[in-house]
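The values are calculated or read from the model by the stated rules, or taken from the named source; none is laboratory data. The model shown is predicted, which means the values in this text are computed figures rather than measured ones. Virtual Cβ from ideal backbone geometry, glycine too; neighbours counted across all protein chains shown. Ligands, DNA and RNA are excluded from the accessible area calculation, which covers all protein heavy atoms including side chains. Shrake-Rupley method; radii C 1.70, N 1.55, O 1.52, S 1.80 Å.
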Amino acid sequence: MKNEQVFLPILLGTNRRDRESKNVARWVFEKMQNHYDIETQFFDVRDFDLPRDHYGTEIGEQFPEWRDAITRADGLVIVTPEYNHSYPGSMKSVLDTLLKEYIHKPVAFVGVSAGMWGGTRVIESCVPMVRELGLAVTFSDLNFPQVQKKFNKEGILLDDAYNNRVEGFLDELVWMSRALKWGRENL
């Protein structure tokens, strides 16, 4: 199992126009694609045509690509901006389309904020919600404070310190994914 890749989808959790978190999600996705231990797939909440009058685990069948990816997944990365100290409703709606598919899998958060806290409060808001879904939150988060200053107009990261941070973030997620996978398969 040690040399086996883990499958870790990534979810961009906002559909807001002019979203700064898109650069972050694309950058993290690229780092995941280049990590020898990771196979990944990119999901964007914009691509989910959620019904306006009803959603929840009953509609998971309407999104077979998401359902199949999460069923197969060894863990999950969520990139979420902080809106009023919390997470976007569109992200919560997408997560709510499934339930049993998440149980005993790790989730790692990438917090994005225009302010100084870098999404710390949104991650704190997400923890009880994802625990209720059965996900296990990693110890390490990746935070992007003042995101508007972190990337140039072409979406290129301007701060090289994130290259080291993302490696530790992903290494912990891979370790936790393998440990929980072993537990799901052997206990």
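When the criteria are applied in full, Val127 fails the requirement of being in contact (Cβ under 8 Å) with a residue 24 or more places away in the chain and either among the aliphatic types (A, V, I, L, M) or open to solvent by less than 10 Å² (accessible area, probe 1.4 Å) (or both). What is the one condition in (1) in a loop (DSSP other than H, G, I, E, B); (2) free of Cβ contacts under 8 Å to residues at least 12 places away in the same chain that Trp175 does not satisfy? So the condition that Trp175 fails would be (1). Hey, can you tell me all the residues within segment 24-49 that are more than 20 Å from Glu65 (Cβ to Cβ), under 14 Å from the mean Cα position of the chain (by Cα) and open to solvent by 30 Å² or more (accessible area, probe 1.4 Å)? Matches in segment 24-49: Glu30, Lys31.
Glu154 satisfies every condition listed in (1) in contact (Cβ under 8 Å) with a residue 24 or more places away in the chain; (2) assigned to a loop (DSSP other than H, G, I, E, B) except (1).
Residue pairs whose Cβ atoms lie under 9 Å apart, separated by 6 or more positions or on different chains, with the first residue in segment 89-117 and farther than 18 Å from Thr14 by Cα and at pLDDT 95 or above and the second of a type in the set (Gly, Ala, Ser) and buried (at least 20 other Cβ atoms within 10 Å of the Cβ), are Glu101/Ala73; Tyr102/Ala73; Lys105/Ala73; Lys105/Gly75; Lys105/Ser177; Pro106/Gly75; Pro106/Ser177.
What do you reckon, is Arg52 surrounded by fewer than 18 Cβ atoms within 10 Å (Cβ to Cβ), of a type outside the set (Gly, Ala, Ser) and closer than 30 Å to Ile156 by Cα? Spelling it out, it is not the case that Arg52 is surrounded by fewer than 18 Cβ atoms within 10 Å (Cβ to Cβ), of a type outside the set (Gly, Ala, Ser) and closer than 30 Å to Ile156 by Cα.
Right, Asn163: open to solvent by 40 Å² or more (accessible area, probe 1.4 Å), of a type outside the set (Lys, Arg) and under 21 Å from Ile38 (Cα atoms) or not? Walk me through how you get there before you give the answer.
On the way: open to solvent by 40 Å² or more (accessible area, probe 1.4 Å): yes; of a type outside the set (Lys, Arg): yes; under 21 Å from Ile38 (Cα atoms): yes.
Yes: the conditions hold for Asn163.
In summary, Phe109 fulfils each of the numbered conditions (1) open to solvent by 50 Å² or more (accessible area, probe 1.4 Å); (2) outside any loop (DSSP other than H, G, I, E, B); (3) touching a helix residue (DSSP H, G or I) at 6+ places or on another chain (Cβ under 7 Å) with the single exception of condition (1). Taken over segment 134-151, the criterion of being over 14 Å from the mean Cα position of the chain (by Cα), surrounded by fewer than 19 Cβ atoms within 10 Å (Cβ to Cβ) and not in a loop (DSSP other than H, G, I, E, B) is satisfied by Gln148, Lys149.
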